[in-house]
Amino acid sequence: MLKILSGIKPSGTLHIGNYLGMIRPMVESQERGQLFCFVANMHSLTTLFDGPQMAKNSLDAMIDLMALGIDPKRSVFWLQSDVPEVAELTWYLCNVTPVGLLERCHAYKDAQARGIPANHGLFSYPVLMAADILLYQSNLVPVGRDQKQHVEVTRDIAVKFNAAYGEAFTLPEPEIAAEIATIPGTDGQKMSKSYGNTVEIFGEEKPTRKKIMGIVTDPTPVEEPKDPDKSIIYGIYRLFADDGKAADMAQRFRAGGYGYGEAKKELFEMLWAYFAPFREKRRDLAANLDYVNEMRKLGADKARKIAAATMSRVRELVGVI
Ligand code: ADP
Ligand code: TRP
């Protein structure tokens with residue numbers, strides 16, 4: 001069976017760009033193979049230095065993902081640090097990874113370019129990511145364009161390890177989501193935490209409404225016709241609404257007499273209704289932490305069993321007995 005693996009960093013809150021670009025495809029991939037999905041808390045440690053906040057974000061992310069449709073019974077769903085073998089494997093992989101390969105990786109290069117002092121963790125970030133992928137012998141890694149390089153580095157590292165010691169790892173393939181998956185933010189740039197233009201999935205009603213009402217528009221008067229394809233409102237609406245409703249909004253834009261304020265209200269109502277069942281599921285989970293912890297343990301046990309098989313082969317190959 002196809003092994004599909006993906007990790008998401010616990011960053012505090014998820015936005016609708018994360019949802020359409022990554023989470024929904026991940027939830028759907030539970031239908032086409034065995035999904036391995038984890039909360040990448042160890043990757044977040046490269047940039048967050050606040051223990052209580054880290055612990056809170058990690059648990060929140062697990063609850064968010066379960067609420068949005070990751071099924072811990074059907075898939076393998078775990079917290080990265082619950083499988084400490086990944087850190088051990090990182091070390092073995094470090095020793096077949098050329099420094100030059102990591103110097104070319106974008107997270108480190110960006111930090112250099114912006115004059116931010118990089119720590120060793122940030123520099124080695126791609127090696128930890130390679131360990132995530134190789135430990136579970138993954139075939140497919142669905143990622144955004146920004147992570148493609150890291151999957152290619154993973155392949156390079158796997159090839160080097162296999163050549164140095166003998167076959168230990170499956171070579172993974174990156175799978176890049178379709179272009180439709182770039183969700184615009186409230187200012188029209190790519191929606192991203194770093195641009196402050198996000199709409200949260202689990203935000204409170206009032207601030208969420210305020211964000212939608214704050215979407216940037218041009219000064220075309222209400223009565224004039226408008227091009228839906230130039231509007232951020234329609235750009236987000238059409239990604240969630242069914243075809244009929246999207247066509248209906250587009251038609252009203254073109255006809256004139258339809259103001260941006262009205263369109264924003266409709267967008268808010270639609271999004272609020274879309275996420276209503278997920279909000280309810282999230283509330284239930286947050287009120288039932290025993291169940292969440294039980295699922296966390298189930299996931300860790302399943303993941304560690306697979307990790308153990310890879311590690312006994314790897315230890316034997318490197319001569320750690
Ligand atoms: P951010 O840019 O807000 O920091 P991350 O880089 O943490 O988001 O992204 C986590 C995942 O969500 C990645 O797989 C990324 O491809 C996806 N993602 C983030 N923003 C968008 C967006 N605007 N459209 C589509 N996918 C997105
Ligand atoms: N680096 C990824 C990101 O920033 C998260 C991640 C960590 C990941 N390990 C992974 C993604 C393994 C896919 C596979 O989004």
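The values are calculated or read from the model by the stated rules, or taken from the named source; none is laboratory data. None of the values given here were measured: they were computed from a predicted structure. When we count neighbours, we look across all protein chains shown, and the Cβ atoms used for this are built from the backbone with ideal geometry, even at glycine. For accessibility, only protein heavy atoms count, side chains too; no ligands or nucleic acids. Shrake-Rupley method; radii C 1.70, N 1.55, O 1.52, S 1.80 Å.
In table form, for the structure just shown:
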{"quantity": "Positive-end residue, the range 166-266 charge dipole about Cα centroid, Cβ charges, pick of G235, G214, V199", "calculated": "G214"}
{"quantity": "Loop trypsin sites (Lys or Arg not before Pro), the range 1-105, which have at most 16 other Cβ atoms in a 10 Å radius of their Cβ (DSSP)", "calculated": "R32, K73, R74, R104"}
{"quantity": "Packing rank of 47-54, 234-241, 114-121, 282-289, where each peptide gets the mean count of other beta carbons within 10 Å, highest leading", "calculated": "234-241, 282-289, 47-54, 114-121"}
{"quantity": "Whole-Hz ³J(HN,Hα) from phi, Karplus 6.51 cos²θ - 1.76 cosθ + 1.60, for the range 165-171, glycine and proline x", "calculated": "10, x, 4, 10, 10, 6, 7"}
{"quantity": "³J(HN,Hα), Karplus 6.51/-1.76/1.60, whole Hz, each residue of the range 184-201, x for Gly, Pro", "calculated": "x, x, 5, 9, x, 6, 3, 5, 7, 3, 5, 9, x, 10, 8, 10, 6, 6"}
{"quantity": "In degrees, nearest ten, helix 260-274 long axis to first principal axis of the chain (Cα)", "calculated": "40 degrees"}
{"quantity": "Local electrostatic count at L171 - Lys and Arg +1, Asp and Glu -1, tallied over other residues with Cβ under 11 Å", "calculated": "-3"}
{"quantity": "Net charge of neighbours whose Cβ lies under 11 Å from the Cβ of A131, counting Lys and Arg as +1 and Asp and Glu as -1", "calculated": "-3"}
{"quantity": "The range 131-161 and the range 169-225: distance between their alpha carbon centers, rounded to Å", "calculated": "28 Å"}
{"quantity": "Size of electric dipole in the range 225-315: Cβ of Lys, Arg +1 and of Asp, Glu -1, about Cα centre, debye, nearest 20", "calculated": "660 debye"}
{"quantity": "Charge-dipole axis of the chain as Lys and Arg at +1 and Asp and Glu at -1 on Cβ define it, positive-most pick from T170, H120, P72", "calculated": "H120"}
{"quantity": "The range 259-321: C-alpha gyration tensor shape, a/c 1.5 cut-off, then a/b vs b/c", "calculated": "oblate"}
{"quantity": "Computed accessible area, F278, all protein chains, 1.4 angstrom probe, square angstrom", "calculated": "40 Å²"}
{"quantity": "Angle in degrees between helix 51-67 and the longest Cα principal axis of the chain, rounded to the nearest 10", "calculated": "70 degrees"}
{"quantity": "Among 87-95, 130-138, the order from most to least packed when residues are scored by Cβ within 10 Å on average", "calculated": "130-138, 87-95"}
{"quantity": "Probe 1.4 Å, accessible area per residue of the chain, Å²", "calculated": "49 Å²"}
{"quantity": "Theoretical FRET efficiency, 1/(1+(r/R0)^6), r = Cβ-Cβ of N288 and H106, R0 35 Å, to 0.05", "calculated": "0.30"}
{"quantity": "Carbon and sulfur %, accessible surface of the range 210-321 computed with the full protein complex present, 1.4 Å", "calculated": "53 percent"}
{"quantity": "Dipole magnitude of the range 146-200 about its Cα centre (Cβ charges: Lys, Arg +1; Asp, Glu -1), debye to nearest 20", "calculated": "140 debye"}
{"quantity": "In degrees, nearest ten, helix 243-255 long axis to first principal axis of the chain (Cα)", "calculated": "40 degrees"}
{"quantity": "Accessible surface of the range 12-122 [probe 1.4 Å, protein heavy atoms]: carbon and sulfur percent", "calculated": "57 percent"}
